[in-house]
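Participant: Next up is a structure, given as structure tokens.
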Ligand SMILES: Cc1ncc(COP(=O)(O)O)c(C=O)c1O
């Protein structure tokens, strides 16, 4: 096959290994080396509590947190005090949705608009609210995986408290029309929450839209560690989003998200948030070539999908979703592994792991038996161009197999 084994010569013999390419960056990313440096510094050397005001360790920690707040804020063009650190996008989504409950009840606004393709970290808190007397309208996407802004806007009612829509879909990579929804809500009081776990730091402009009140951010999707994220709570003029905390404690994060701040994780998130902006200069240099390569992969994807699916690409990352059917012959693994790995029985053939049927794909209006299973890939930004070609080849080859087994 096209993937060449790597021969390792050791004193006691020759070992042949197949290269392994991680393609599941929508699920999580490895640490950026610059982020790792910052993380270790605040774990090992500057380990003060940012709440300790009486000594230099505390002051250093506080400065690190402030810097991280600025770094995160600058990505979405908000003020540092509008950034709340959380454990990740799951917590941010919960806080954004459940934190508005008291305000909704007090103001008799118990209607929420969302979509059928949200992450479970949005759908589950919404389900909880439905069981507590709130009404949720779930807008269906079209066959291309995009929710139409007009459908979201026409679901608005005078008693709508919140509109919560994801920016980039984690299963398909498809970008939702958040800008259009935000402009359409210019004269409506409802709060607008965007789950930006997949887009923060990758799509620059949309999240700067000042009509977006709440933005969920996840660190481990942008080369920071797991367990850290943020909720942006943008003020409208002087008015804060009337969020109530879900936990109570020492008053950190304006009392809305109490608990000793994990300074090392926060500093790492700040560094990761700054990295994409810094990296963009490098991206621009190779943009033409990358675009060509991306175009080729996309064309292959569309061909395989035979027009039934639009491959979605997030910024310069290769993110796409392909359909395929189980070969039944063991060519494609079908259990929850997470990487495309060379190797396997017989040596040399590729085994695909991590194939799954996400709940979101079922809402696209296609006959599920035609759709088969989704295959999602999003490569690591650190991969060398050689391994990018390997990825492109892998995809190309897999498509040939997909087409062959149909
Ligand atoms: C769109 C979306 N929202 C929320 C989450 C949850 O993020 P976290 O892992 O930071 O809790 C994810 C993670 O997969 C996601 O893709």
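Every residue, every condition in (1) buried (at least 24 other Cβ atoms within 10 Å of the Cβ); (2) on the phi < 0 side of the Ramachandran plot, yes or no:
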{"position": "220", "(1), (2)": "no, yes"}
{"position": "223", "(1), (2)": "yes, no"}
{"position": "231", "(1), (2)": "yes, yes"}
{"position": "239", "(1), (2)": "no, yes"}
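Participant: Could you look through the range 77-98, keep only residues that are surrounded by 18 or more Cβ atoms within 10 Å (Cβ to Cβ) and away from the ligand (no atom under 16 Å from the Cβ), and pick out the one that is farthest from residue 241 (Cα to Cα)?
Facilitator: Residue satisfying both the conditions and the ranking: 78.
Participant: Being over 20 Å from residue 198 (Cα atoms), within 16 Å of the ligand (Cβ to nearest atom) and free of Cβ contacts under 8 Å to residues at least 60 places away in the same chain is the requirement here; does residue 155 meet it? Walk me through it before giving the result.
Facilitator: Working: over 20 Å from residue 198 (Cα atoms): yes; within 16 Å of the ligand (Cβ to nearest atom): no; free of Cβ contacts under 8 Å to residues at least 60 places away in the same chain: yes.
Judged against the criteria, residue 155 is not a match.
Participant: Can I ask one more? With the requirement that a residue be within 13 Å of the ligand (Cβ to nearest atom) and over 19 Å from residue 150 (Cβ atoms), what does the range 99-120 give you?
Facilitator: Start the filter on the range 99-120 by keeping residues that are within 13 Å of the ligand (Cβ to nearest atom), which leaves 114-115, 117-120.
Matches in the range 99-120: 119, 120.
Participant: Could you check, for the range 28-37, whether at least one of its residues is in a helix (DSSP H, G or I), crowded, with 17+ Cβ neighbours inside 10 Å and either at pLDDT 95 or above or not assigned by TED's automatic domain parsing to the domain that holds residue 135 (or both)?
Facilitator: For the range 28-37, residues in a helix (DSSP H, G or I), crowded, with 17+ Cβ neighbours inside 10 Å and either at pLDDT 95 or above or not assigned by TED's automatic domain parsing to the domain that holds residue 135 (or both): present.
Participant: If we only count strands (runs of 3 or more DSSP E) wholly inside the range 175-245, which ones have 1 or more residues that are more than 16 Å from the ligand (Cβ to nearest atom)? Please lay out each step first, then the result.
Facilitator: Working: elements: 191-195, 214-218, 229-233.
Where strands (runs of 3 or more DSSP E) fall fully within the range 175-245 and carry at least 1 residues being more than 16 Å from the ligand (Cβ to nearest atom), they are 191-195, 229-233.
Participant: I've got another one for you. Can you report the number of residues in the range 155-175 which are at pLDDT 95 or above and crowded, with 21+ Cβ neighbours inside 10 Å?
Facilitator: Going through the range 155-175, the residues at pLDDT 95 or above turn out to be 155-167.
Adding the requirement that they be crowded, with 21+ Cβ neighbours inside 10 Å leaves 160-167.
Qualifying residue count for the region: 8.
Participant: Something else: Filter the range 176-191 for residues that are surrounded by fewer than 23 Cβ atoms within 10 Å (Cβ to Cβ) and under 18 Å from the mean Cα position of the chain (by Cα); which is farthest from residue 234 (Cα to Cα)?
Facilitator: Narrowing the range 176-191 to residues surrounded by fewer than 23 Cβ atoms within 10 Å (Cβ to Cβ): 177, 179-180, 182-190.
Then keep just the ones that are under 18 Å from the mean Cα position of the chain (by Cα); that gives 177, 179.
Numbers: 177: 20, 179: 16 Å.
This residue is 177.
The values are calculated or read from the model by the stated rules, or taken from the named source; none is laboratory data. Note that the coordinates shown come from a computational prediction; the quantities given were computed from them, not determined experimentally. Ideal geometry is used to build each Cβ from the backbone, glycine not excepted, and the neighbour counts take in all protein chains shown.
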